[in-house]
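Reading through the C-alpha cells given below for one structure.
Just so you know, all these numbers are worked out from the coordinates, no wet-lab data involved. Source: prediction; values computed, not measured. Positions of Cβ are backbone-derived with ideal geometry, glycine not excepted, and every protein chain shown enters the neighbour counts.
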Amino acid sequence: MTIAASSLPEVASLIHDGMTIGIGGWGSRRKPMALVRQIVRSGARDLRIVSFGGPDVGILCATGQASEVVHGFVSLDSIAIDPHFAAARQSGSVHNVEYDEGMLVAGLRAAARRLPFEVTRSGAGSDAVTRNPHIRTITSPYADAEVLVAMPAVPLDLALLHLDRADAAGTAVCLGPDLFFDDLFAGAAARTVVSVEAVVDTADLLAGAGPTSSVLDRTLTDLVVASPGGAGFTAHPPHASRDERLQRAYVEAAASPHAWADFRARFLDVDDDAYRAAVASFHAEAAS
C-alpha cells in the first residue's frame with residue numbers, strides 16, 4: 001500500500017550503495033530535485049543513474065556518488081552542456097553509457113513489461129550500438145529478414161519522480177504538457193517514490209486539469225511525498241518556469257572545488273525549508 005510520507009528524510013533511508021536509480025523528468029524540466037537532495041544527504045555511493053539527464057546527473061557526478069550514468073542525453077536546455085557531468089565524463093570518474101533516446105525508452109519499456117529486451121529500429125547503424133558492445137542485433141524471423149536492435153531491459157531498483165498532485169493511495173497527476181517517460185521509469189522500478197506539489201483528496205486530483213494532463217496509476221507508486229517546489233530550479237509548468245539565475249549559479253559552481261562546496265552547502269546539504277530560504281535569500285541578494 002502506498003503511504004503518504006510526512007517528510008522527505010524518509011526517502012533517504014531507501015537509498016543504499018550500489019543501487020540503480022532512475023530519475024524522471026527531461027533535461028532541466030520537472031526534475032525531482034528535492035528527491036535528488038535526499039540522494040545527496042543519504043551519502044550513498046557507487047550509484048548507477050539512469051536519466052534523460054539534466055542537473056540531477058550533474059549534481060550526482062559532482063558529489064562523487066554516481067559511478068555510472070546511463071542516459072539518452074545530458075543537458076540543461078537553456079545551457080547546452082552540464083559542466084559537472086562533462087568534467088566527470090572527461091576525467092573518467094564516471095562510466096558513461098550513452099544510448100539513442102529511443103533505445104533508452106525501449107529498455108525502460110522492456111523492464112516495465114518484465115521482458116529481457118525490446119526489438120527496435122532506434123540506434124540501428126549508429127555509434128550508440130557499435131560503442132556499446134553489450135547491445136545485440138536480431139534478425140526478423142519473417143520474410144523481411146530486417147536486422148533490428150535488441151535493446152536490453154533497463155531495470156531499476158528505485159525511481160524518483162516529481163509530479164503535481166497525488167492522493168494518499170498513490171495515484172499521481174501531471175498537469176503540465178508532457179509526462180515525458182515517467183510512467184516507464186515507474187514501471188521499470190522495484191520501488192517508486194513520487195514527490196508532488198500537494199497531496200490531495202482523490203476527488204480533487206483532476207480539478208481544473210487541462211487536456212494534456214496525465215495520470216500515473218497508483219499501482220506504479222510506492223511512496224508519495226509532499227514537496228512544494230520540489231522540481232527546484234528546473235522548469236515545472238504550470239507551476240514555475242525554470243529559475244535561470246539559480247541554474248546559472250549551479251553552472252558557475254563548477255569553476256572550482258571551493259565554489260562547488262559553497263553551492264552544495266547552501267542548496268544541497270539542507271532540508272526543504274532551508275532550501276527555500278536559501279533560494280529566497282539568493283534572489284534577494286541578486287536584486288539588491
- [ ] Just the ratio, please: alpha-carbon radius of gyration of the range 59-174 over 2.2 N^0.38 Å, N its number of residues.
- [x] 1.28
Task: Computed lengthening from Ala280 to Arg131, 0.36 nm per intervening residue step minus Cα-Cα distance - done: 49.2 nm
Open item on the list: Would you calculate the convex hull of the Cα atoms in the chain and tell me its volume per residue in Å³?
Closed with: 138
- [ ] Any chance you could tell me what percent of the C-alpha pair distances in the range 212-288 go past 21 Å?
- [x] 39
Task: Likely footprinting exposure, Ile138, Ile21, fewest C-beta neighbours within 10 Å first - done: Ile138, Ile21
TODO: Arrange the following residues from fewest to most other Cβ atoms within 10 Å of their Cβ: Met151, Met19.
DONE: Met19, Met151
Open item on the list: Test of understanding: ordering Arg114, Arg121 by Cβ neighbours within 10 Å, fewest first, what list do you get?
Closed with: Arg114, Arg121
Task: Ala207-Asp271 FRET efficiency (beta carbon distance; Förster radius 22 Å; 0.05 resolution) - done: 0.15
Task: Cβ-based net charge around Val69, under 13 Å, with every Lys or Arg adding one and every Asp or Glu removing one - done: -3
Open item on the list: Please compute the modelled spin-label separation between Arg248 and Glu68, points set 7 Å along Cα→Cβ, answer in nm with one decimal.
Closed with: 3.8
TODO: Add +1 for every Lys or Arg and -1 for every Asp or Glu among the other residues with Cβ under 14 Å from the Cβ of Leu148, and state the total.
DONE: -2
- [ ] Counting residues in the range 150-266 as N, plug N into 2.2 N^0.38 Å and put the Cα Rg over that result.
- [x] 1.22
